[in-house]
Each structure stands twice: as structure tokens, then as C-alpha cells.
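Asks: Handing you a structure now.
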Amino acid sequence: MKGDYFSEWLKRFSYQLKMRNYSQRTIKSYEATIKIFAYYMWIVRNKGQDKLSVFWTDITKGRLDTEIDVSTAQINDFLMFISNEKEYKPTTLRRYISSLSSFYKFCYTQEAIGSNPMISIDRPKL
């Protein structure tokens, strides 16, 4: 929904994982992936797709003040970006997809978004 930001929902999601007894390592991994995706979306929305290479140089300065509502196409664009431009391996892509799937399933069940954009995302074969 409009106005629901990664900063708010990442905290809620992390708390949910903690309550479900996920390991601290797993929670940190999920958080890192979601922060990277949020930063990607912040760049695309605020600077433009053509500026990704310029602003991607320091992802530690990531911004979480962008809305969580995204399309499946935007997620596919992100996966293509990290696969092609950043040359992430298929195992890393699967981990990213898994983390984003869990996050968006949580957001959907909490009614923060109207539909789950991860439903039609395919996982790469290993």
C-alpha cells in the first residue's frame, strides 16, 4: 500500500523471524538481501535505471525510505541486474529470491501490499 516503507517493514519482518526461532545468521542474511533490494529500488525510483552503475558503488549507504510495493517486472529487473552486471552466482540468486519471497509473503499476509510480486518469479537451476 502507498506509504509503507522498507524501513518499517524490515523491522517487523526481522521481529517475525526472531519469534519463529530463525538463527541470527539467517535473519542477518535476510536483512542484508532486503536492504540491497531496497537500495536498488531507491536508486531506480529516485535517480533512474540509467544511474544504477554510478550509485551502486557503495551499497552500504543504502536507503530504506522507499515503498515496499513493487511489481514482478521490477524484481525481475533487479535479478537481471545482479546476475548480469554484478555477476552473482546462481546460488546467490536463489538465496536472494528466497529472502525476497519470504519478505513479500510476510508483507502480503500482513496486508501491507495488495499482491505478492514474488509468486511468478522462477528460481534458477543449480
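The values are calculated or read from the model by the stated rules, or taken from the named source; none is laboratory data. Just so it is clear, the structure is predicted and the values come from calculations on it, not from any experiment. With ideal geometry, Cβ positions are generated from the backbone for all residues, glycine too; neighbour counts draw on all protein chains shown.
Asks: Of everything in the stretch 13-46 that's charged (D, E, K, R) and at pLDDT below 95, which residue is nearest to Y88 (Cα to Cα)?
Replies: Of the residues in the stretch 13-46, the ones charged (D, E, K, R) are 18, 20, 25, 28, 31, 35, 45.
Checking which are at pLDDT below 95 leaves us with 35, 45.
Numbers: K35: 16, R45: 23 Å.
That would be K35.
Asks: Need the failing condition index for S71 against (1) within 21 Å of P117 (Cβ to Cβ); (2) surrounded by 16 or more Cβ atoms within 10 Å (Cβ to Cβ); (3) at pLDDT 85 or above, just the number.
Replies: Condition not satisfied by S71: (2).
Asks: Restricted to the stretch 77-126, and to residues that are part of a helix (DSSP H, G or I) and of a type in the set (K, R), which residue is surrounded by the most Cβ atoms within 10 Å (Cβ to Cβ)? Step through it out loud before you land on a result.
Replies: Kept after step one, since they are part of a helix (DSSP H, G or I), are these residues of the stretch 77-126: 77-85, 90-109.
With of a type in the set (K, R) added as a condition, the list becomes 94-95, 105.
Details: R94: 14, R95: 16, K105: 14.
Checking each candidate, the answer is R95.
Table: residues versus (1) modelled with pLDDT under 85; (2) more than 17 Å from F6 (Cβ to Cβ); (3) among the aromatic types (F, W, Y); (4) touching a Ser or Thr at 6+ places or on another chain (Cβ under 9 Å).
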{"position": "G48", "(1), (2), (3), (4)": "yes, yes, no, no"}
{"position": "E87", "(1), (2), (3), (4)": "yes, yes, no, no"}
{"position": "Y96", "(1), (2), (3), (4)": "no, no, yes, yes"}
{"position": "S101", "(1), (2), (3), (4)": "no, no, no, no"}
{"position": "Q110", "(1), (2), (3), (4)": "no, no, no, no"}
{"position": "P117", "(1), (2), (3), (4)": "no, no, no, yes"}
